[in-house]
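A short reminder: the numbers here are calculations on the coordinates, not readings from a lab. Quick caveat, the model's predicted, so the values are computed rather than measured. Quick reminder, even Gly has a Cβ in these numbers, built from the backbone with ideal geometry, and neighbours come from all protein chains shown.
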Amino acid sequence: MKTLGIDIGGTNIKYGVVENNIIIYNILTKSEVAKGKQFLIGKIVSIIENCKKNYNIKSIGIGIAGLVDYQRGFVFESPNLPEWEGVNLKNELKIVNLPISIDNDANCFALGEYLLRKDKKIKNLIGITLGTGIGGSLILDGKIYRGSNGFAGEIGHIKVEPDGRKCNCGQNGCLEAYSSGFAIEKKSKEIFGEKIAVSSLYQIALKGNRKAIEIFNEAFEKLGIVCAGLIDLLNPDIIVFGGGLSNMREFLLIPLKKLIQKNCYKKLYEKVRIEVSQSDIDSGIIGATYLINSNK
Ligand SMILES: [Zn+2]
């Protein structure tokens, strides 16, 4: 049976047709959020109609950045998708006439990582997506941990500075205001006088530019402290990073492991694996297609 997985982020929409856990067709396209909510909904509808026509898909799973009521398919708010406050996406997509499940994009990523790893020893996995914003998800004892309201895992909004930088969620001092792509680009403007895309800043840092290196070091130091706290709290088997920033190995994974080791309770650090996803696009899409089963 073919299913369609769609991952809607602040910058890109990634989607793929999945059969037997393998993506047989996938595309990455821009979200173009500046064109407004209705434009983006229209784009999603045409993606679905197109895949329906060509692949005879039977169900759809959608991951979206933000606070989502997965049972109703309702998006309460999405800091990186302006105008998406209070959107019943499931209703908006009724027109396509197929079963649809909608969840937070980080939950889809973590679920995909959990399923694709096929490692029976892994029961507790923390997924962190580092992109325009920062998403988080907790798989505990093999299931998405949702908390009381269904919103657990908002790692990006853990406070790292009292009264610190303004975050897109409306609060101050959140991790996302320091360690996300959005925050790093904002900081580049402060330091270099112009906003530099994270991917370009990464290239500048790789060439040894000290100011660029310092921007990454400062951003990921806060992430390291938060990860150490998560390990102390949850004693996970693995923390896995996805999203556009996760491949910046020299500035992310290597210093992060040292920071976590330094700040973590020693016994809890001994077994935890800290990894970057090998296929985060696949994980988000495959995780989304599993929602219909996992949310029953
Ligand atoms: Zn925040």
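Restrict the search to segment 171-239; then list the trypsin sites (Lys or Arg not before Pro) that DSSP places in a loop and that have at most 16 other Cβ atoms within 10 Å of their Cβ.
On the way: sites: Lys186, Lys187, Lys189, Lys195, Lys207, Arg210, Lys211, Lys222; in loops: Lys195, Lys207.
Sites meeting the loop and neighbour criteria: Lys195, Lys207.
Can you tell me the orientation of helix 181-192 relative to the chain, as the angle in degrees between its alpha-carbon axis and the longest Cα principal axis, to the nearest 10?
40 degrees
Quick one: angle between helix 105-117 and the longest Cα principal axis of the chain, in degrees between 0 and 90, rounded to 10, please.
90 degrees
May I ask you to list the lysines whose Cα is less than 19 Å away from that of Lys258, ignoring any residue fewer than eight positions away on the same chain?
By straight Cα distance, Lys258 reaches Lys222, Lys266, Lys267, Lys271.
Between Leu233 and Lys118, take the C-beta separation as r, use R0 = 30 Å, and let me know the FRET efficiency to the nearest 0.05. Show your work: numbers first, answer last.
On the way: r = 26 Å, r/R0 = 0.88.
E(calc), rounded to 0.05, equals 0.70.
Semi-axes of segment 40-175's equivalent ellipsoid from the Cα gyration tensor, sqrt of 5 times each eigenvalue, largest first, rounded to whole Å? Mind dumping the intermediate values first?
Numbers: eigenvalues 146, 89, 30 Å².
Here the semi-axes work out to 27, 21, 12 Å.
Pairs to check: Lys58/Lys121; Lys2/Lys118; Lys58/Lys94; Lys166/Lys187; Lys14/Lys58; Lys14/Lys123. Give those whose C-alpha atoms are more than 23 Å from each other in this structure. Walk me through the intermediate numbers first.
Details: Lys58/Lys121 32 Å; Lys2/Lys118 21 Å; Lys58/Lys94 14 Å; Lys166/Lys187 12 Å; Lys14/Lys58 19 Å; Lys14/Lys123 27 Å.
From the list (Lys58/Lys121; Lys2/Lys118; Lys58/Lys94; Lys166/Lys187; Lys14/Lys58; Lys14/Lys123), the Cα-Cα distance tops 23 Å for Lys58/Lys121; Lys14/Lys123.
Out of Gly193, Ile144, Gly156, whose Cα points farthest toward the positive end of the dipole of segment 141-296 (charges: +1 Lys, Arg; -1 Asp, Glu; placed on Cβ)?
So the residue furthest toward the plus end is Gly193.
Relative to the longest principal Cα axis of the chain, at what angle does helix 37-55 sit, 0 to 90 degrees, rounded to 10?
Once rounded, one gets 60 degrees.
Report the semi-axes of the equivalent ellipsoid for the chain in whole Å, largest first, where each axis is √(5λ) for an eigenvalue λ of the Cα gyration tensor.
Output for the chain: semi-axes of 30, 22, 18 Å.
Calculate the FRET efficiency for Asn91 and Asn20 from the Cβ-Cβ distance with a Förster distance of 25 Å, rounded to the nearest 0.05.
Details: r = 31 Å, r/R0 = 1.23.
Here the calculated transfer efficiency is 0.20.
Using 7 Å Cα-to-Cβ label points, what is the Met1/Leu98 separation (nm, one decimal)?
Each label point lies 7 Å from its Cα, and together they span 1.3 nm.
Running a GNM on the chain with Cα contacts under 10 Å, which residue among Pro162, Pro236, Pro79 ends up with the highest mean-square fluctuation?
In this elastic network of the chain, the residue with the biggest mean-square fluctuation among Pro162, Pro236, Pro79 is Pro162.
Among Met1, Met248, rank each residue by its count of other Cβ atoms within 10 Å, from fewest to most, as a rough exposure measure.
On the way: Met1 10, Met248 22.
Listed from fewest to most nearby Cβ atoms, that is Met1, Met248.
Pop a pseudo-label 7 angstrom from the Cα along the beta-carbon direction at both Glu270 and Leu140 and give the gap in nm to one decimal.
2.3 nm
So between Phe151 and Phe74, what do we pick up on full extension, going 0.36 nm a residue minus the alpha carbon distance?
Values: separation 77, 0.36 × 77 = 27.72 nm, distance 1.23 nm.
Contour length minus the Cα-Cα distance gives 26.5 nm.
Using r as the Cβ-Cβ distance of Asn50 and Arg165, and R0 as 30 Å, what FRET efficiency do you calculate, to the nearest 0.05?
Numbers: r = 41 Å, r/R0 = 1.35.
After rounding to 0.05, the efficiency reads 0.15.
Whole percent per 10 Å bin, from 0 to the bin with the longest distance: what is P(r) over all C-alpha pairs of segment 93-173?
P(r) for segment 93-173, in whole percents per bin: 16, 38, 30, 14, 2.
Grab the DSSP H runs of the chain that are 4 residues or longer, score each as -39,500 (n - 2.57), total them, divide by all residues and round the 222 nm result to the nearest 500 deg cm²/dmol.
Values: 10 runs with 116 residues, N = 296.
Theoretical 222 nm ellipticity from helices: -12000 deg cm²/dmol.
Could you quote the convex hull projected area for segment 121-277, Cα atoms only and averaged over all directions, in nm²?
Working: hull surface 37.6 nm².
Mean projected area of the Cα convex hull: 9.4 nm².
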